[in-house]
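Take a look at the structure set out below.
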There are 2 protein chains.
Amino acid sequence: MAKVIGLVGVGLIGGSMVLDLKEKGFASKIIGSDLSDTNLKKALELKIIDEAVDLDNLISRSDIIVLATPVNATVELVPYVLDRISEDKFVLDVGSTKSMLSDAVANHANRGNFVATHPMSGTEFSGPEAAFKGLFKDRVAIICDPEKSNPKALNVISEMYYHLDMRLILMDAHSHDEHVGYVSHLSHAISYALAVAVLDKEKDDTAIFNLAAGGFASTVRLAKSSVDMWLPIFEQNADHILPILDIYLDKLSSFRNYLEQRDTEQLGKFIKEANRIKDKLKK
Amino acid sequence: MAKVIGLVGVGLIGGSMVLDLKEKGFASKIIGSDLSDTNLKKALELKIIDEAVDLDNLISRSDIIVLATPVNATVELVPYVLDRISEDKFVLDVGSTKSMLSDAVANHANRGNFVATHPMSGTEFSGPEAAFKGLFKDRVAIICDPEKSNPKALNVISEMYYHLDMRLILMDAHSHDEHVGYVSHLSHAISYALAVAVLDKEKDDTAIFNLAAGGFASTVRLAKSSVDMWLPIFEQNADHILPILDIYLDKLSSFRNYLEQRDTEQLGKFIKEANRIKDKLKK
């Protein structure tokens, strides 16, 4: 039976999810809530949501409550929502960090009605205007700590991701934060630093930035990502990101030293080792 | 009048150029030469070139000679070709470094018939199979040290780039190498280091690499780039790349230290500063 979905946070991720869930018939109605009235109005205009409501109204009227807010807000929201739901309602988050959230709800009486998820897709843009259909197709969604959710909740939420055409991987919150630290958070950190370094040097000449269209653009793309979303991610996952950043800084320093010494053999080895990433990534 | 173009190095860049130049009618015939017989055969099969010849034959029969080889080979090839041309033939390179090349031909009697150019486009792939029409459309081509080429040579080569739909920017070789160090070479260095760091850590689990499809894939894309092309670029431009790499390492270390200290204010400032890159890049 099609569900009423309550979307808290009408941005890129949540907006894109409900656009597809409505189209696929999984959702009969989308009601939305957001701290920003501007974004809430835009989401209505763009037909991402059918109705704008306040949070308590949303909780009481939804079958499934999707929390698609920055991760610092999510840690506060999950217990607040779990305090107020009946046993036939399910709650999920879609955030990029899980350890702190896992701890925050570990002992909640309604923990079983919550599923910690991370649909791994996105763009460097944010807000309801950035939402589009098909964002999640064929991407991976991670379900964290599935043994802490009750079977009914897992069933409903996995069906929801089935309708988004996503592939599910189940893992514990700690492993999630470590892996995601590597493949997502580290990439954002090095991209932010690239933007800051280049802006520091190339102060005057905006034409220069567009020279290397392909290469520079793809490496610096993530540096456009929103501070409201990413600052809380870095803070919540600092313990996993710091050792990863140190390994990265160490590797790049080695490259720098080989270059300074004009050590052709070591530089060549380094690049060939990097080339092995080809075999690890899908075409 | 349509020209016979001699292409030395039948890879991604040279191959893509001649495919368009033939289609646009600027070239009447493409003859090709390459150290790799395999690539030369592939280029014939793919109709990138009309005829495979040896280098001396190519030089004597071409109106325009395009040197699209790794930059270490280019530094040797330009004087070799200039030694053997008549005054109605023109030579250009398309490499990513210019200072060393500029020095190598500074005093050549036929310097005026050579134009140092850098059409700024590409992909992470290489070889004739990677070539495709439209690679250069609306991208920037840099002409280096135009005052050292004679007016006829500049006229012919600028017409050639007109037929590739490229926008020309003229600058001296030193400025080219410094700017390109920032927007292209640095991006490659940090992407290679990302690949090496992640491969070092995530030894076993290939599924992990595909988790963060969008973000990681775009940041690590350049790490697939060929060692034959990139090792000589790093070596030739080391003097410009080293100070840039040091600025980058310094910025990323600052980010790391703010994160370790959980300094929300400085982390937020850093990300907002990085976000300014949005205004500098074309949509």
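Couple of notes before you dig in:
- Count of the range A:46-70 residues which are within 17 Å of A:VAL91 (Cβ to Cβ) and open to solvent by less than 10 Å² (accessible area, probe 1.4 Å): 7
- Restricting the range B:168-179 to residues that are assigned to a helix (DSSP H, G or I) and out of contact with any Leu (no Cβ under 7 Å at 6 or more places or on another chain) leaves a set whose member that is farthest from B:ILE247 (Cα to Cα) is B:ALA173.
- Filter result for B:ASP138 (open to solvent by 50 Å² or more (accessible area, probe 1.4 Å), over 22 Å from B:HIS174 (Cα atoms) and within 14 Å of another protein chain (Cβ to nearest Cβ)): yes
- Residue, least open to solvent (accessible area, probe 1.4 Å), within the range B:2-24, restricted to residues that are over 16 Å from B:ALA130 (Cα atoms) and assigned to a helix (DSSP H, G or I): B:LEU21
- Test result for A:GLU87, free of Cβ contacts under 8 Å to residues at least 24 places away in the same chain, open to solvent by 30 Å² or more (accessible area, probe 1.4 Å) and more than 27 Å from A:THR38 (Cβ to Cβ): no
- Only residues that are closer than 12 Å to B:PHE234 by Cβ and basic (Lys, Arg) were counted across the range A:251-283, and they come to 2.
- Meets criteria (under 29 Å from A:ASN39 (Cβ atoms), among the small types (Gly, Ala, Ser), away from chain B (no Cβ under 13 Å) and in contact (Cβ under 8 Å) with a residue 24 or more places away in the chain) for A:ALA153: yes
- Test: residue in the range B:276-283 that is farther than 28 Å from B:VAL94 by Cα and either facing chain A (nearest Cβ under 7 Å) or surrounded by 15 or more Cβ atoms within 10 Å (Cβ to Cβ) (or both): yes
- Among the residues of the range B:230-243, those that are at the interface with another protein chain (Cβ under 7 Å from one of its Cβ atoms) and of a type in the set (A, V, I, L, M) comprise B:LEU231, B:ALA238, B:ILE241, B:LEU242.
- The set of residues in the range A:164-183 that are buried (at least 17 other Cβ atoms within 10 Å of the Cβ) and in contact (Cβ under 8 Å) with a residue 40 or more places away in the chain comprises A:LEU164, A:MET166, A:ALA173, A:HIS176, A:ASP177, A:GLU178, A:VAL180, A:GLY181, A:TYR182.
- Residue within the range A:93-110 that is outside the structural domain of A:GLN236 (by TED's automatic domain parsing), more than 26 Å from A:VAL183 (Cβ to Cβ) and buried (at least 17 other Cβ atoms within 10 Å of the Cβ) present: yes
- If the condition is being open to solvent by less than 40 Å² (accessible area, probe 1.4 Å) and at the interface with another protein chain (Cβ under 7 Å from one of its Cβ atoms), then the range B:254-269 contributes B:PHE255, B:ARG256, B:LEU259, B:LEU267, B:GLY268.
- Criterion: buried (at least 20 other Cβ atoms within 10 Å of the Cβ), farther than 21 Å from A:MET166 by Cβ and in contact with a helix residue (DSSP H, G or I) (Cβ under 8 Å, 6 or more places away or on another chain) - qualifying residue of A:ALA43, A:ALA27: A:ALA43
- Here is the figure for the range B:122-135: residues that are modelled with pLDDT under 95 and crowded, with 23+ Cβ neighbours inside 10 Å total 1.
The values are calculated or read from the model by the stated rules, or taken from the named source; none is laboratory data. Only a predicted model underlies this, so the values are computations on that prediction, with no experimental measurement involved. Note that we place each Cβ from the backbone using ideal geometry, even for glycine, and neighbour counts take in every protein chain shown. With ligands, DNA and RNA removed, areas are computed over all heavy atoms of the protein, side chains included. Shrake-Rupley method; radii C 1.70, N 1.55, O 1.52, S 1.80 Å.
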